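**Q** Here it is: the structure, laid out below.
Every number in this text was worked out from the coordinates using simple rules, so none of it is lab data. All values reported here derive from a predicted model rather than from experimental measurement. We place every Cβ from the backbone using ideal geometry, glycine too, and count neighbours over all the protein chains shown.
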Amino acid sequence: MRDRFPLLVVGGLLITAVLSTWLVRGAARGGFADTLSTWRAQPDGARGLFLLVQESGLPLVRRTADLQIIQKGTGTPVLLAVEVEGAHEEDPDQTALAADKENGLEDEEVPRHGFNRLYVPELSDKETEKLLEHVKTGGALVYVPWGSQENPLLDALGVKLFKADTSLPMRTLVPPLSSPYTLGVERVEAKVQAYLTLPEKGAVPLLRDEPLNMTVAAVVPYGAGWVLVVGAPELAMNQALARADNAQFWLSALRALGPGPYEFDEHHHGFTNERSVVDFARRYGLHFAVAQLLLGLCLWAVALKRFGRPRTPPESTRVGATDALFAMSRLYREGRHHGFAAGLITRGLTQELALHAGMPAHAPPKSVAEGLASRGREDLANGLRAVVRNAETVSSESELKQLASRAAVLRQRIHPSGPPSRALVASTPEES
C-alpha cells in the first residue's frame, strides 16, 4: 500500500481537477441545456422567450414526450432548432456563402452543449407525419429550422431554404404588409441563417429583408391549419429579444396562431419524461455522484493504509494468550500426546498450502503436494511431504519442536523474498 500511495495522490489530484471543472461549468445557470432550449439561460438559449410568453399570460407548457401521439386540440407545438430525420442539401454550393464554420450561427449543424452531444433525437419520419396530420386537421405549428438544409417537413409545406451570407452584419427585417401576426411590429433585428422560398398560393410573408427583398418569416397554409416558419433562429434567442420589436413579433405571431397552449418541444433537445440517472446527469451534471465516488475511494484508501507502528495488544490479552498456550503445551507434554500434536501441525499446514494449490481445505496432503508441484512449487511440495513423513515418527518433545520449526519455515516460503532457508534445504534430502 505504501508503494501505491503516491499514485493514489496523483489520481486524486486529477479527479479533483476534473470535478472542479465540472462544478464551475455547472454553476452557470441553465448552461447544461441545448441550443434554443427553453431551459438554457445562456445567450443562445430560449429561456427568455419562454418567460416572455409566460409573463404575457399566454398558456404554455414544456413538452418532454415525443410527437408520435398528438391529441386533437392539445395546442400548438413549437419546434426551435430541431433537426429532422432525412435532412439534405439540394444545392451544396449554397454553403460557400457562409463564413468559416464555427460553433455558432455559421454552422449547418446545431451546436450541442454538455451531455446533449451524446444523445439528442431527431424528429423521426413518424413524428413528421403526425405533425403534418395535426396541422392538416386545423392545428397550428411553429417551426424554426437551423441552417439551410431541406427536410421532409419543409418539403411537405412546399418551402425551400436559401442559404444566407452569414458574414453580413445583422439584418433589419420589416413586415411587407399589415397582418395580425405582425401587430405592433415596425422592424425586427436579427442575424439570418436562411431565406424562404414560399409556395405560389396561400403563403403570407411576415418579415422581409428589404434591401435584398427576400422573405425571412412566413405563415404557410397546410390543409386547414397554418405553420409559422422562421429562417432566423437567433430571433428566438435570449440575446435578441431586447432588440427593436423582436419580442412584440413573437407575442403577436403566437396570439394570431390560436389560443394555445403553446407546447415548447424539449424532447428533441435531450429532455425526456423518463426519470433515470442518465437523464439526471445530462440535465444537472455528475458533480454530486462523482463527489460521492471520490469520497468512497478516499475512505477505502485510508482504510488500507496503516499509520504508525503496530500497536501491542493489551497486557491482559497478551498474558492470557501466553498462559493458555503454556497450559495446552503442558497437557500434551504430560500426556505424551506428541503424535496428536504433530497431526494438528500437519493438518494446519496442509490447509494453508491447499489454498495456494487451488484445492479445497479438506484435501489430503498427497493431493495438495501434487497440486503444488503442478503449479511449479516443487519446494513447497517436497517440504510438505517431508513434514508429513516426519510427523508419523514423532515420539518426543524435541522432535515435535523440530517439526514445528520446519512447518514455520515452510510457511515463510509460500511468498519467497530471498534464498531458500537452511532449515528447508536440510529437510529436502530426507525425503529421497
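**Q** Mind listing the long-range amide H neighbours of residue 84? Cut-off is under 5 Å, sequence gap 5 or more, other chains count too, H placed in the peptide plane at 1.01 Å from N.
**A** 123
**Q** Something else: Cut-off under 25 Å on the C-alpha distance; same-chain residues fewer than 8 positions from residue 366 excluded. Which lysines are left, in chain and number order?
**A** 401
**Q** Mind listing the phi-derived Karplus ³J(HN,Hα) values for region 232-241, rounded to whole Hz, using 6.51, -1.76 and 1.60 with θ = phi - 60°, and x for any glycine or proline?
**A** Karplus-based 3J(HN,Hα) across region 232-241 equals 10, x, 5, 4, 9, 7, 4, 6, 9, 5 Hz.
**Q** Right, here's the next one. Amide H of residue 192: which non-local residues (sequence gap of 5 or more, or other chain) have their own amide H closer than 5 Å, using H built in the peptide plane?
**A** Residues meeting the amide H criterion: 171.
**Q** Residue separation times 0.36 nm, minus the C-alpha to C-alpha distance between residue 112 and residue 255: what's the value?
**A** Net length gain for the segment: 48.4 nm.
**Q** Amide H of residue 40 versus every other amide H placed in the peptide plane: which residues, excluding those fewer than 5 positions away on the same chain, fall under 5 Å?
**A** For residue 40, whose amide H was placed from the backbone, the distant partners under 5 Å are 46, 47.
**Q** Along the Cα→Cβ direction, 7 angstrom out, place labels at residue 187 and residue 89. What is the inter-label distance in nm?
**A** 3.3
**Q** Please give, to one decimal in nm, the separation of the simple spin-label points placed at residue 312 and residue 174, each 7 Å out from Cα toward the Cβ.
**A** 10.0
**Q** Follow-up question, since we're still on this one. Between residue 167 and residue 292, take the C-beta separation as r, use R0 = 41 Å, and let me know the FRET efficiency to the nearest 0.05.
**A** Step by step, r from the Cβ atoms, then E = 0.25.
**Q** If you don't mind, there's one more thing I want to ask. Which whole-Hz ³J(HN,Hα) couplings does region 245-255 yield from phi under the Karplus relation 6.51 cos²θ - 1.76 cosθ + 1.60, θ = phi - 60°, glycine and proline marked x?
**A** After applying 6.51 cos²θ - 1.76 cosθ + 1.60, I find 9, 4, 5, 5, 4, 5, 5, 5, 5, 5, 4 Hz.
**Q** Explain nothing, just compute: Karplus ³J(HN,Hα) = 6.51 cos²θ - 1.76 cosθ + 1.60, θ = phi - 60°, for every residue of region 135-147 in order, whole Hz, x for Gly and Pro.
**A** Going residue by residue, I get 5, 5, 8, x, x, 10, 8, 10, 10, 10, x, 10, x Hz, with x marking Gly and Pro.
**Q** Quick one: Cα centre-to-centre distance for region 375-413 and region 181-244, in angstrom?
**A** 95
**Q** How far, in nm, would the chain grow between residue 72 and residue 351 when pulled straight, counting 0.36 nm per residue and subtracting the alpha carbon separation?
**A** Here the answer is 92.8 nm.
**Q** Tell me the label-point distance for the pair residue 62, residue 124, using the 7 Å Cα-to-Cβ offset, in nm and rounded to one decimal.
**A** 2.3
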